[in-house]
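The values are calculated or read from the model by the stated rules, or taken from the named source; none is laboratory data. The shown structure was predicted, so the numbers you read here are calculated from the model rather than taken from an experiment. In this analysis, Cβ positions are derived from the backbone assuming ideal geometry, glycine residues included, and neighbour counts consider all displayed protein chains.
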Amino acid sequence: MTFLPVEGKANLYRDVNSNAIINKDTNGYRQYMQSLKEKEEQKNKIVSIENDIISIKDDISELKSLIIGLSNKL
C-alpha cells in the first residue's frame, strides 16, 4: 500500500490504490474510543440507578399497603 499525505491536513493520507482517505492519528482514535467507552459506562450507570429507583418505589408502595392494612385492623 502506498499513501500520500493530504495537502493541508495533518494525519490524513490518501491510499493511491483505492483513493481512500486514511486517518493515521492513532492517539486521536484512542481518545475517541475511550470517550465512547466512558459514555457507555455512564449510560449503564444511569440505567442501573433508574432500576434501583423503580425497585425502591415498589418497596415503598408495598410498605404503604402493609401499613394501610395494619391500620385498618386496629
Report task. Mind counting the residues in segment 39-58 that are small (G, A, S) and under 20 Å from the mean Cα position of the chain (by Cα)? Result -> 1
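One line per residue, one yes/no per condition, for (1) at pLDDT 95 or above; (2) not hydroxyl-bearing (S, T, Y):
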site	(1), (2)
T2	no, no
N11	no, yes
V16	no, yes
A20	yes, yes
T26	no, no
Q31	yes, yes
S35	yes, no
K39	yes, yes
N44	yes, yes
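Being on the phi > 0 side of the Ramachandran plot and surrounded by 10 or more Cβ atoms within 10 Å (Cβ to Cβ) is the filter here, so list the residues in segment 19-66 that pass it. Full working, then the answer.
First pass over segment 19-66, keeping only residues on the phi > 0 side of the Ramachandran plot: 19.
None - no residue of segment 19-66 is on the phi > 0 side of the Ramachandran plot and surrounded by 10 or more Cβ atoms within 10 Å (Cβ to Cβ), so the list stays empty.
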Query raised in the report: Can you tell which of G69, G8 is on the phi > 0 side of the Ramachandran plot and either exposed (fewer than 10 other Cβ atoms within 10 Å of the Cβ) or touching a helix residue (DSSP H, G or I) at 6+ places or on another chain (Cβ under 7 Å) (or both)?
Result: G8
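Yes or no, residue by residue, for (1) among the hydroxyl-bearing types (S, T, Y); (2) over 16 Å from the mean Cα position of the chain (by Cα); (3) not in a helix (DSSP H, G or I):
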site: G28; (1), (2), (3): no, yes, no
site: Q31; (1), (2), (3): no, no, no
site: Q34; (1), (2), (3): no, no, no
site: K37; (1), (2), (3): no, no, no
site: I60; (1), (2), (3): no, yes, no
site: S65; (1), (2), (3): yes, yes, no
site: L70; (1), (2), (3): no, yes, no
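How many residues does segment 11-47 contain that are touching a residue at least 12 places away in the same chain (Cβ under 8 Å) and farther than 13 Å from M1 by Cβ? Break it down into steps so the answer makes sense when it comes.
First pass over segment 11-47, keeping only residues touching a residue at least 12 places away in the same chain (Cβ under 8 Å): 11-12, 15-17, 21-25, 28.
With the extra rule that they be farther than 13 Å from M1 by Cβ, the set shrinks to 11-12, 21, 23, 25, 28.
Qualifying residue count, segment 11-47: 6.
Name the one entry in S18, S48 that is in a helix (DSSP H, G or I) and among the hydroxyl-bearing types (S, T, Y). Talk me through it step by step, then tell me what you get.
Values: S18 fails: in a helix (DSSP H, G or I).
S48 is the lone residue from the list that is in a helix (DSSP H, G or I) and among the hydroxyl-bearing types (S, T, Y).
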